[in-house]
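The values are calculated or read from the model by the stated rules, or taken from the named source; none is laboratory data. Given the structure is predicted, the values throughout are model-derived calculations rather than measurements. Cβ atoms come from the backbone with ideal geometry, glycine included; neighbour counts cover every protein chain shown.
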Amino acid sequence: MNVFGNYARYYNLLYRDKDYAGEAQFIHQLLQTHAPNATSILDLGCGTGAHAILLAKQGYQVHGVDLSANMLQQANEQCTQLSADLQARLHFSQADIRQVRIDQCFDVVLSLFHVISYQVTNEDLLAAFKTVKQHLKPGGILIFDAWYGPAVLTHRPTVRVKRMEDEEIQVTRIAEPTLYPNENWVDVNYHIFIRDTKNDIVEELQETHRMRYLFKPEIEFFLQQVGMMPLNCQEWISDRSTGFDSWNVYWIVRK
């Protein structure tokens, strides 16, 4: 996951069109249903803190963890623009979600935007779920999303191009996927061009993000190994039943 060292520079721009507000509201609604008394959240793989900040605005205390120092720098910079009350509800720390141990337990653990799919080996997945269990209060809730195997194999990943720009830079990202059906992962090979709009200088980067696609029975097995119980598995945001078209699926799990 070290690829995110460079990625942080243009991450917020590339995902400026992502509906963070809608997703945070969706999470809040899920928590109102499954953990109505929850006040504290551990956000594993928090990135630049967009979800964490929005959930803090809903009244939660949020501790975000990410491996990338650059991502966390952006998260902390965004916090400086918030009120003192909101800043007091947010804390960020740098760590690997497979290994991090914080001297605190939380009502809720979140791991969003396919962070769990970045745990590509069985050992990685078990380690991440052990981290979750270690930090959840008894009866606490885990919510995470991931690439869903039936949809990935039905609608195989294709080459995609995305272009975004602001007043400083223009980013063109070409994503060329390679599917490994026997390993249950996809290598997403990114070729990125970043153009400085003031001097027309272009920086070129290449990164590979390895993503594991997951199936319901294996998730249930891994959760069983660490003593947690899945409650629900639905399509992300739409909340429809999972199927061959459900690339992004979320699970709700209770300790």
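So here's what we get for this one:
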item: Residue satisfying all of: in the range 58-97; polar (S, T, N, Q) and within 24 Å of Val120 (Cβ to Cβ); surrounded by the fewest Cβ atoms within 10 Å (Cβ to Cβ) among these; result: Ser93
item: Lone qualifier among Arg156, Arg160, Arg98 - being closer than 25 Å to Leu179 by Cβ, at pLDDT 95 or above, of a type in the set (Lys, Arg) and within 15 Å of the chain's Cα centre (by Cα); result: Arg98
item: Test: residue in the range 246-255 that is in the same structural domain as Ala127 (by TED's automatic domain parsing) and either among the hydroxyl-bearing types (Ser, Thr, Tyr) or exposed (fewer than 14 other Cβ atoms within 10 Å of the Cβ) (or both); result: yes
item: Positions within the range 199-232 being part of a strand (DSSP E or B), β-branched (Val, Ile, Thr) and touching a helix residue (DSSP H, G or I) at 6+ places or on another chain (Cβ under 9 Å), in sequence order; result: none
item: Matching entry among Leu86, Leu136, Leu126 (being within 21 Å of Asp19 (Cβ to Cβ) and aliphatic (A, V, I, L, M)); result: Leu86
item: Check on Pro150, crowded, with 17+ Cβ neighbours inside 10 Å, touching a Pro at 6+ places or on another chain (Cβ under 9 Å) and not charged (D, E, K, R); result: no
item: Tally, over the range 135-177, of residues that are part of a strand (DSSP E or B), in contact (Cβ under 8 Å) with a residue 12 or more places away in the chain and either polar (S, T, N, Q) or farther than 26 Å from Ile97 by Cα (or both); result: 12
item: Single condition Val132 does not satisfy, out of (1) β-branched (Val, Ile, Thr); (2) assigned to a helix (DSSP H, G or I); (3) surrounded by fewer than 16 Cβ atoms within 10 Å (Cβ to Cβ); result: (3)
